Amino acid sequence: AVKHGNNTTTRTDYWDNDQPKTETLTKDNPDGTPGETLSRTDYTYNSHGNLATRTDTRPTLTENGTPGPHTTTHTTHTYDAYDRLTHTTLHNGTNDQAPTVKDTTYTINAS
């Protein structure tokens, strides 16, 4: 856990292979214990250890700049046989069945 000067703490949980599983940012209670969750990121990996998915939950901003309701996006990553990133899709929701926000294909060149 990393405590920040603004009374928030980032906590990271890890998979058995030492890759990040979950990162959570919380507002600390006055006694220093975790309070309200401000944001959360969940990660999964493929059998080669490459990032497969990332799910982010964070507050939206209201018109006056204060935190609003939470929103979630889900990003999927695809790799070729040489573990090179070839495709990324950002979804507006909690999984890859949610509406697509952005779809990016990467190409490999000789250099």
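The values are calculated or read from the model by the stated rules, or taken from the named source; none is laboratory data. This one's a predicted model, so the numbers in the text were calculated from it and none came from an experiment. In this analysis, Cβ positions are derived from the backbone assuming ideal geometry, glycine residues included, and neighbour counts consider all displayed protein chains. Side chains are part of the model used for accessible areas, which takes the heavy atoms of the whole protein and leaves out ligands, DNA and RNA. Shrake-Rupley method; radii C 1.70, N 1.55, O 1.52, S 1.80 Å.
Need at least 3 residues that are acidic (D, E) and in contact (Cβ under 8 Å) with a residue 60 or more places away in the chain per element, so show me which strands (runs of 3 or more DSSP E) inside segment 34-93 make the cut, counting only ones lying wholly within it. Break it down into steps so the answer makes sense when it comes.
Numbers: elements: 34-45, 51-61, 67-79, 85-91.
Fully inside segment 34-93 and qualifying: nothing.
Tell me which residues, restricted to segment 6-32, are assigned to a loop (DSSP other than H, G, I, E, B) and open to solvent by 80 Å² or more (accessible area, probe 1.4 Å). First the steps, then the outcome.
If we filter segment 6-32 for residues that are assigned to a loop (DSSP other than H, G, I, E, B), which is where we start, we get 6-7, 15-19, 29-32.
Once the filter is applied, which keeps residues that are assigned to a loop (DSSP other than H, G, I, E, B) and open to solvent by 80 Å² or more (accessible area, probe 1.4 Å), segment 6-32 yields N6, N7, W15, D16, N17, D18, P30, D31.
If we keep just the residues of segment 73-93 that are among the aliphatic types (A, V, I, L, M) and out of contact with any Phe, Trp or Tyr (no Cβ under 8 Å at 6 or more places or on another chain), which is most open to solvent (accessible area, probe 1.4 Å)?
Initial filter on segment 73-93 (among the aliphatic types (A, V, I, L, M)): 81, 85, 90.
With out of contact with any Phe, Trp or Tyr (no Cβ under 8 Å at 6 or more places or on another chain) added as a condition, the list becomes 81, 90.
Working: A81: 89, L90: 51 Å².
The selected residue is A81.
Suppose the filter is over 20 Å from D103 (Cα atoms), surrounded by 11 or more Cβ atoms within 10 Å (Cβ to Cβ) and of a type in the set (D, E); does E36 pass it? Break it down into steps so the answer makes sense when it comes.
Values: over 20 Å from D103 (Cα atoms): yes; surrounded by 11 or more Cβ atoms within 10 Å (Cβ to Cβ): yes; of a type in the set (D, E): yes.
So E36 passes the test.
Looking only at residues that are open to solvent by 80 Å² or more (accessible area, probe 1.4 Å) and part of a strand (DSSP E or B) in segment 94-111, which one is nearest to S47 (Cα to Cα)?
The first filter runs over segment 94-111 and keeps only residues open to solvent by 80 Å² or more (accessible area, probe 1.4 Å), leaving 94, 96-97, 99-103, 105-111.
Next cut, part of a strand (DSSP E or B) only: 100-103, 105.
Numbers: T100: 25, V101: 26, K102: 25, D103: 23, T105: 21 Å.
Residue satisfying both the conditions and the ranking: T105.
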